[in-house]
Amino acid sequence: MTKTIITLNKADLTLGSAAARVHVLKDIDLHISAGESVGIVGPSGSGKSTLLMVLAGLERLDSGEIVIDGAPLHSLSEDALAEFRGKNIGIVFQSFHLIANMTALENVAVPLELANVRDAFDIARRELTAVGLGERLGHYPGQLSGGEQQRVAIARALAPSPAVLIADEPTGNLDTETGRQIADLLFAKQAERGMTMLLVTHDTSLAARCSRQIRVRSGQIVDDGTSEIKPHVVSA
Ligand SMILES: Nc1ncnc2c1ncn2[C@@H]1O[C@H](COP(=O)(O)OP(=O)(O)OP(=O)(O)O)[C@@H](O)[C@H]1O
Ligand SMILES: [Mg+2]
């Protein structure tokens, strides 16, 4: 039987204060099996990025539970949560989020060093070479194309060998062809490492490449991608 790696149980979150309060996640239940690739789709403002931030341990719930690989994230201390995140969850953003005054190699190696990983620079060199950037180790983000910057971000996310890879519109800032190459890279890495991958995308063809699709609307999951196709009822 496949192991459940992510469980959300009555996950609820309101953000903002006073007039700007938004009930962003409404009582969400979700189970994701290890090794699945999950495409999260839905209208703008429906809560997709917030859901990913909760799954990444970067945003806390007001109530409910989130368990990843047996760890109850909702009840971990800030330090324990940060440590868990560093070891188990890789995150890739639409706008790359690289540090401008660090080289590609440093962008990947420094977070590993901060996590006390030995041979951080060797691992970083290996990961960057594996995403096709072996010749760009000394380049700064400003000296790299968008697709190359996203490859650095992917190498950084993969370097700790996380069990879960989370990506928020990873191809959103790239042209169609570069976006397809980045998607190919993500799916290849996911298959190679047997990771669980969750990605938010507005690109229906990218979502369709995932083994499962989840639809979010107004802070709720309206289709979790597991329901059987309902028989067509012919009205009399
Ligand atoms: N810090 C905050 N304070 C108040 N409201 C917030 C905050 N963060 C997000 N929201 C609101 O929560 C809702 C969901 O935001 P979220 O960024 O998760 O949407 P999304 O589905 O990722 O949208 P998009 O497709 O445009 O990226 C939005 O209406 C947004 O305005
Ligand atoms: Mg978003």
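Here, each number is a calculation from the coordinates, and none is a lab measurement. Small disclaimer: the values here were computed from a predicted structure and weren't measured. No Cβ is skipped: glycine too gets one built from the backbone with ideal geometry, and neighbour counts run over all protein chains shown.
Here is a list: Leu61, Leu81, Leu55, Leu25. Which entry is buried (at least 17 other Cβ atoms within 10 Å of the Cβ) and over 25 Å from Ala157 (Cα atoms)?
Sole residue among the options that is buried (at least 17 other Cβ atoms within 10 Å of the Cβ) and over 25 Å from Ala157 (Cα atoms): Leu25.
Just one of (1) within 16 Å of ligand 2 (Cβ to nearest atom); (2) of a type in the set (Lys, Arg); (3) under 17 Å from the mean Cα position of the chain (by Cα) trips up Arg217, so point out which.
Tallying (1) within 16 Å of ligand 2 (Cβ to nearest atom); (2) of a type in the set (Lys, Arg); (3) under 17 Å from the mean Cα position of the chain (by Cα), Arg217 fails exactly one: (3).
Tell me, which helices (runs of 4 or more DSSP H) lie completely within region 11-122 with 1 or more residues that are more than 13 Å from ligand 1 (Cβ to nearest atom)? Outline the logic, then answer.
Details: elements: 48-55, 78-88, 104-114.
Correct list: 78-88, 104-114.
Inside region 1-54, can you point out the residues that are touching a Lys or Arg at 6+ places or on another chain (Cβ under 7 Å), on the phi < 0 side of the Ramachandran plot, more than 16 Å from ligand 2 (Cβ to nearest atom) and not polar (S, T, N, Q)?
Asp12, Asp29, Ala34, Glu36 - these are the residues of region 1-54 that are touching a Lys or Arg at 6+ places or on another chain (Cβ under 7 Å), on the phi < 0 side of the Ramachandran plot, more than 16 Å from ligand 2 (Cβ to nearest atom) and not polar (S, T, N, Q).
For region 86-113, give me each residue that is more than 16 Å from ligand 2 (Cβ to nearest atom), in contact (Cβ under 8 Å) with a residue 12 or more places away in the chain and of a type in the set (Val, Ile, Thr).
Ile89, Ile99, Thr103, Val108
Would you confirm whether any residue within region 99-118 is among the small types (Gly, Ala, Ser), within 23 Å of Arg180 (Cα to Cα) and surrounded by fewer than 19 Cβ atoms within 10 Å (Cβ to Cβ)?
Among the residues of region 99-118, not one is among the small types (Gly, Ala, Ser), within 23 Å of Arg180 (Cα to Cα) and surrounded by fewer than 19 Cβ atoms within 10 Å (Cβ to Cβ), which makes the answer no.
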